[in-house]
1. For the range 13-52, what are the residues that are closer than 17 Å to ASN78 by Cβ and in a strand (DSSP E or B)?
2. Kindly establish whether ALA70 is under 12 Å from CYS85 (Cβ atoms), touching a residue at least 12 places away in the same chain (Cβ under 8 Å) and under 14 Å from the mean Cα position of the chain (by Cα).
3. If we scan the range 34-54, do we find a residue that is crowded, with 16+ Cβ neighbours inside 10 Å and farther than 29 Å from GLU105 by Cβ?
4. Return the pair list, or none, for Cβ contacts closer than 6 Å from residues in the range 1-12 that are in a loop (DSSP other than H, G, I, E, B) to residues that are at pLDDT below 95, at least 6 apart or on different chains.
5. From the list TYR16, TYR81, which one is in contact with a His (Cβ under 8 Å, 6 or more places away or on another chain), modelled with pLDDT of 95 or more, at negative phi and surrounded by 12 or more Cβ atoms within 10 Å (Cβ to Cβ)?
Amino acid sequence: MSLKWPNKDPDEILDYSIDWSRFIGSATLNTAAWSVDNADGVKTTLVASGPIVHGIQLVSSTLTNTVATARISLGTDNIKYKFHCTVTTSDGLTFERTVSLRVREK
């Protein structure tokens, strides 16, 4: 089953989160890294306030014990982006989930 976030307008800057609590049990999140598929479908690492990749940008990211959040800006109308979040936990495990985000002009 693929995860999906609500649509985003290209002019919006919005927070999108993944709640990892059901996957990590009693562990906590130590790190989270975000990436997005570029125009060629290659997974490209995102850094906060870094370069624009395939028309979209990671503004910042935050992490709590169980939730990883990406603040996302820009985007190209009618493109469905694939974001990937890779986390490591306090018990040394690594998880990755992929989430779809469609950009739609409102």
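1. If the condition is that a residue be closer than 17 Å to ASN78 by Cβ and in a strand (DSSP E or B), then VAL36, ASP37 are the ones that fit.
2. yes
3. No; the residues of the range 34-54 include none that is crowded, with 16+ Cβ neighbours inside 10 Å and farther than 29 Å from GLU105 by Cβ.
4. Going by the 6 Å Cβ cut-off, the qualifying pairs are ASP9/LYS106.
5. None of the others qualify; the one that does is TYR81.
The values are calculated or read from the model by the stated rules, or taken from the named source; none is laboratory data. Since the structure is predicted, the reported quantities are computational estimates derived from the model, not experimental observations. Don't worry about glycine lacking a Cβ; one is built from the backbone with ideal geometry, like all the others, and counts go over all protein chains shown.
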